[in-house]
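The values are calculated or read from the model by the stated rules, or taken from the named source; none is laboratory data. Note that the coordinates shown come from a computational prediction; the quantities given were computed from them, not determined experimentally. Every residue, glycine among them, receives a Cβ derived from its backbone with ideal geometry; neighbour counts consider all protein chains shown. Just so you know, the surface numbers come from the protein's heavy atoms only, side chains and all, with ligands and any DNA or RNA stripped out. Shrake-Rupley method; radii C 1.70, N 1.55, O 1.52, S 1.80 Å.
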Amino acid sequence: MSKMRYSRRAILKGGAAAAAASTLSAPMIWAQEIKDITLRQFGTGVSNLNEVAAKVKEDLGFSLEMTALDSDSVTQRAATQPDSFDIADIEYWICKKVWPTGNLQAMDTSKIKNYDKIVGIFRSGKLTPESEIAQGTAPHSVGFVDGPGATKFASEETGWMTLIPTIYNADTLGIRPDLIGRPINNWSELLNPEFKGKASILDISSIGIMDMAMVCESMGEIQYADKGNMTKEEIDATFAIFTEAKKNGQFRAFWKSFDESVNLMASGEVVIQSMWSPAITAVKSRGIPCVYQPLEEGYRSWGGGIGLSKSLSGMELDAAYEYINWYLDGWVGGFLMRQGYYSAVPETSKNYMSENEWGYWFEGKEASDEITNPFGDVLAKAGETRDGGSFYDRMGAVACWNAVMDENQYMVRKWNEFIAA
Amino acid sequence: MPRSLIAWLQVTPLSLILMGFLVAPIIMIVIVSFWGATEFSIYPAFQFDNYEFLFGSPVTYKVFLATFKYALITWAFTLVIGFTVAYFLAFHIRSQPIQIALFLLCTIPFWTSNIIRMISWIPFLGRNGIANQTLISWGVIDAPLDWLLYSDFSVILAFVHLYTLFMVVPIFNTMMRIDKSLLEAARDGGASGFQTLRHVIIPLTKPGIMIGTIFVVTLVMGDFITVRFMSGSQKANVGRLISNDIALLQYPSAAATAVVLLCTVLIVIAILMRFVNIRKEL
């Protein structure tokens, strides 16, 4: 059945390699069977893009079926329905929840061509050798296991990866500089009475609690041992501060979906709020000034990766490895980086970006020409720089990773009370 | 074939449908409400944790109170508006074609989705919305009114807007069945317009009012999306409590809340039924 096992690697090594490599840069020479393969991928909306599926079909020959869900549904599906997917595109904190169920299989890093080029955050945990590891569910801490079948995470690189990192970014507060009219430098400004009735926070507990923690710490009210893993007392204290603020009318609204955050900001209902990077872009593309404000305390960061279902085997498994290698090969990276995200192997993405784009998005340089996203929208004009600066400025200032806590269920109930308060 | 067998056969299709799509799911919800949950799964058990937490939290009582508040205020407004509209249609419009045309006019907004009708209020009521801009340009107010949107006001406004028709239709329906000679008799007997309304029309319209009331009260008490959008997630009712639980994969806890809500609504309806025997009067 599986001729594919011999297809690419074997043939490339053999005499046909020269002929194949000279005509095609992308991995090619597939057995006919590969065309019949369909891999089912599901995940959150950010990286489940139809463009990626179309390009996979073009470059690799097999079909990729994408399903986009919200992160709660993604968690549930990964945990409870392992046969309903082949590839799970999930965030690292979801991995922490889901991995112990044994529904995903570890990946052999020796089969990952660009493994050595993956940024340090996902391997040793350090962006540069001097970096300090941020609080929360840092990707490297749930990125490795001791071997196939292991359900406990390993503390260092082992050669068996849980998720192959695909996309990540550093989040902060979004502001309307025209309506605020003064510099904003701290997370504590979210609860500044100056913005009474004009602030907002997202109504997604696992992320919202982190933003809350950044604010409380910045106010000097609470010192957390680990914002990503709070004690019950810390959770209570955090909600006490925010419930008080809510009762005093600090918040205009809470948002749950991306569009809501865009509308709140664009209509001027809200001038400062937790926000995601593409939402800032969406507000700006309407000609309304909006800044993804870097703050002294640092960023709240998140990262996603793709994991393989345990039921994947044989030719499908080989196809999945091909897909992963292709993913890290640069095209997707460039596609994502031109929307403001980062790719796990930036140096390969560089090949798929213009010098201007690379300078603006990665190096934090002034744009020498208009910056457009892959869909053709103009995001910045010549002379503008990216909010927060270069990759190392932004990812080097991460204070905390999205996380799932030991006291998660308690936190969730408290969150529900906060919304109802 | 014996008559009783025929009767049984006749009732079978509806019974099966109701068993499969109403009774069975409710039984399932009741069963799950006693189960336990971890972060990403639920496991069969027989424990009272979910109910304990529900009744032990002051938030639950506040939220139930808020739900009743929404239901009561919405009911009052929809009743007054609905009754007035139905009265106008039934007794003031003499020609039947115009009556039907105007009645259809009332239903036109219902050709669009609930959510769209609700969301269209948001740009209208917003801080820089049409309402505030108009009021400012007329000089009525100096600064935008913040309470127009994301407040109890906007929630109830949307409810009244969405559900008034559910009051109009049944009231109009019962009013049309009132024998016009009764009104003439009342007038001949010397009753004033108001006395006719109070002693003849309202008593005869009671079944319609009651059906409309049941519609509005159950719709408002079970709603979660209107409260979420119109209050900008700032306010809560029981429906939102349930939807939050579901979003966080706490199905047993959601089921327990649903059971309590179901009982509450049934009690409310039972009380309403004490006032009017709908079956007798229909």
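Below are the figures for this structure:
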quantity	calculated
Tail fraction, Cα-Cα pairs, the stretch A:294-421, threshold 27 Å, whole percent	40 percent
Under 5 Å, built H, 5+ apart or other chain: amide partners of A:Phe144	A:Ala154, A:Thr162
Dipole magnitude of chain A, debye to nearest 20 (Cβ charges: Lys/Arg +1, Asp/Glu -1, about Cα centre)	700 debye
Loop sites in the stretch A:309-396: GluC sites (Glu not before Pro), DSSP, at most 16 other Cβ within 10 Å	A:Glu363, A:Glu366, A:Glu370, A:Glu384
Chain B, relative contact order in percent, only Cα pairs under 8 angstrom and at least six apart counted	27 percent
Other-chain or far-sequence residues with amide H under 5 Å of A:Ile167's (modelled H)	A:Gly304
Length gained when the stretch A:Thr372-A:Asp108 is fully extended (0.36 nm per residue, less Cα-Cα span)	91.4 nm
Portion, in percent, of the accessible area of chain A that falls on carbon or sulfur, probe 1.4 Å	48 percent
Phi to ³J(HN,Hα) by Karplus 6.51 cos²θ - 1.76 cosθ + 1.60 over the stretch B:199-207, Hz, x for Gly, Pro	9, 10, 5, 4, x, 6, 8, 3, x
Dipole in debye (nearest 20) - chain B, about Cα centre, beta carbon charges: Lys, Arg +1; Asp, Glu -1	740 debye
Over chain B: Kirkwood hydrodynamic radius from C-alpha pairwise inverse distances, Å	22.2 Å
Semi-axis lengths, Å, the protein assembly as shown, gyration tensor of Cα atoms, sqrt of 5 times eigenvalues	54, 32, 26
Phi to ³J(HN,Hα) by Karplus 6.51 cos²θ - 1.76 cosθ + 1.60 over the stretch B:229-237, Hz, x for Gly, Pro	6, 6, 9, x, 6, 7, 10, 9, 10
Sites B:Arg187 and B:Leu102, calculated FRET efficiency, Cβ-Cβ separation with R0 25 Å, nearest 0.05	0.50
On Cα atoms only, tilt of A:232-247 relative to the major axis of chain A in degrees	60 degrees
Helical mean residue ellipticity (222 nm; -39500 (n - 2.57) per DSSP H run of 4+; nearest 500) of chain B	-22000 deg cm²/dmol
Estimated inter-spin distance, A:Thr38 and B:Thr134, nm [label 7 Å along Cα→Cβ]	5.2 nm
Dimensionless Rg over Rh [the stretch A:177-255; C-alpha; Kirkwood]	0.96
Å² of accessible area per residue within the protein assembly as shown, as computed with a 1.4 Å probe and no ligands counted	45 Å²
Alpha-carbon gyration tensor eigenvalues x 5, square-rooted, for the stretch A:30-132, Å	25, 20, 14
Fraction of alpha-carbon pairs over 25 Å apart in the stretch B:41-163 - percent	53 percent
Efficiency of FRET between B:Phe124 and A:Glu407 - r from beta-carbon atoms, R0 35 angstrom, step 0.05	0.25
DSSP-assigned coil residues among trypsin sites (Lys or Arg not before Pro) in the stretch A:320-421, each with at most 15 further Cβ atoms within 10 Å	A:Lys381
Amide H partners (placed H, <5 Å) of A:Val398, local residues excluded	A:Tyr299
Where chymotrypsin sites (Phe, Trp or Tyr not before Pro) fall in DSSP loop in the stretch B:31-68, at most 11 other Cβ within 10 Å	B:Phe46
Partners for A:Lys152 among lysines (Cα-Cα distance below 28 Å; same-chain residues under 8 apart left out)	A:Lys96, A:Lys97, A:Lys111, A:Lys113, A:Lys117, A:Lys126, A:Lys227, A:Lys232, A:Lys310
Nearest-0.05 FRET efficiency for A:Ser313 and B:Thr218, computed from C-beta distance (R0 45 Å)	0.30
Lys pairs under 26 Å by Cα in chain B, provided they are eight or more residues apart or on distinct chains	6
